[in-house]
1. Do we have any residue at all in region 377-389 that's hydroxyl-bearing (Ser, Thr, Tyr) and in a loop (DSSP other than H, G, I, E, B)?
2. Could you please find all residues in region 97-118 being part of a helix (DSSP H, G or I), more than 19 Å from the chain's Cα centre (by Cα) and in contact (Cβ under 8 Å) with a residue 60 or more places away in the chain?
3. Can you tell me which residue is modelled with the lowest pLDDT among those in region 234-284 that are polar (S, T, N, Q) and within 24 Å of Ile62 (Cα to Cα)?
Amino acid sequence: MARTGNASQPRHASGKQKQAKQGAFDGPRSIVLPRLMLIFAVFALVVIGLVMVFSTTSVEAINVGASPVNEAVKQLAIALGGAVLCFLVARFVPYYVWLGPALWVVWAGIVVLLLSTALFGLVGLGAQRWLELGSITFQPSELAKPAFLLMGARVMYKSRVESYNLAKTTLMMLVFVLVPLALLFVSQSDLGTTIICLAGLVAVLWLAGVPIAPFLGALVLIAVFGVVAVFTVGYRSSRMAFLNPWVDKYGDGWQLVQSFYAFAEGGLFGVGLGNSAHKYQYLPEAETDFIFAIIGEELGLVGAVAVVVLFVIVLWAGLRIARSAPDLFGTMVAGGCTVMLVFQAFLNIGCVLGLLPITGKPLPFISSGGTALLGSLILVALILSVSFASGSTSGVYDKRRSELSIVRAQPYPARAGDSRQGGARRASGSSSRSQTVARSGSASRRR
């Protein structure tokens, strides 16, 4: 059985040449507008993050005799380096490169880092999640998120193009995505990152057009996993204090109660930038997990809502970019990265507001933490890479062509009773043109 369109080669070559000449403003409005809105929203969130990191860390720095701008300068340096990396990946690393050997190199590197963390990692806040390389300390789990999502999208794309059956697709997802993710969960006791990765993978499955039965089955398994993980593992079960933090407001409920006080103090317009009282050691992890509460206190409801609106813009822009992607792989990459980013943001906000159990995950682009910021900017770079490729193709028609497979090819048969001359004419015509029956991978797989 012959198949059209190698997933990683010929069709994208011309697009690659055109992509190099494209600017951020080049292309039709339906493609350029979401791209610019995404860049604007991410830039605004990073700027807000730098300001709030300075506000929340300056007091503690002065308390220990350090410069009040130390943490803010570190965050700024990482933001600038991440912005450069984001630009280079978005403009010069086409998204379809991840269908080739490059992804295997990245995936293997992430697995090695996770194993190294399990064996030699630093322990902090009750978990072993950090690696130390010289003077640099980082969290490999933050870099694992884009790698696992790309691998999941690759497996689903190959499944569609090469018509894998359900058993083979499930096995590949298990070996190359779920097993490494289980390693992360077990070795680092990191339920938050695990749930965020699973949310991105669910988005990939949805965009891949997985039939409803397997899709619902995957959702049920994830829900069961979440419930079991929360109620059966030590300190996680104590985080269920969010259901009524006032019962133990000086114990397990302390952090959440202080978060409520911060929002109440902020009111509509806030107490003013830099004037938070709860960052003075009252609210634990004010610069990371609970920075949104300090935003609510200093900038009020208006500032908090502005942050939420910016994340909604990221969601809208990312999904529009996914919709305009040149092929299914681009759709899954852009859509999955977008869902992963915004899901983490609303997970953090939900925890700070007492709507969800505390997971300890930072607010993307805003919370203090270099690896978290770098991982978020890499996800943005992948989305923009799809956007820049979208402007260099003819959109939906290329997408349909890339997902077609040749089922059979045969000449037109000569009809009985035809004259020798007419049959000869038809036979000669059939030699130059074959009857080709093409089918869409998605249609055939749903039958």
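1. At the first step, the residues of region 377-389 found to be hydroxyl-bearing (Ser, Thr, Tyr) are 385, 387.
Now narrow it down to the ones that are in a loop (DSSP other than H, G, I, E, B): none.
Checked against the condition, which is being hydroxyl-bearing (Ser, Thr, Tyr) and in a loop (DSSP other than H, G, I, E, B), region 377-389 yields no hits at all.
2. Selection gives Leu115, Thr117, Ala118.
3. Applying the first criterion (polar (S, T, N, Q)) to region 234-284 yields 237-238, 244, 255, 258-259, 275-276, 281.
Adding the requirement that they be within 24 Å of Ile62 (Cα to Cα) leaves 255, 258-259, 275-276, 281.
Working: Gln255: 89, Gln258: 93, Ser259: 93, Asn275: 91, Ser276: 91, Gln281: 80.
For region 234-284, the residue satisfying everything is Gln281.
The values are calculated or read from the model by the stated rules, or taken from the named source; none is laboratory data. Quantities reported herein were computed from a predicted structural model and do not represent experimental measurements. Here the Cβ is made from the backbone with ideal geometry for all residues, glycine too, and neighbour counts use every protein chain on show.
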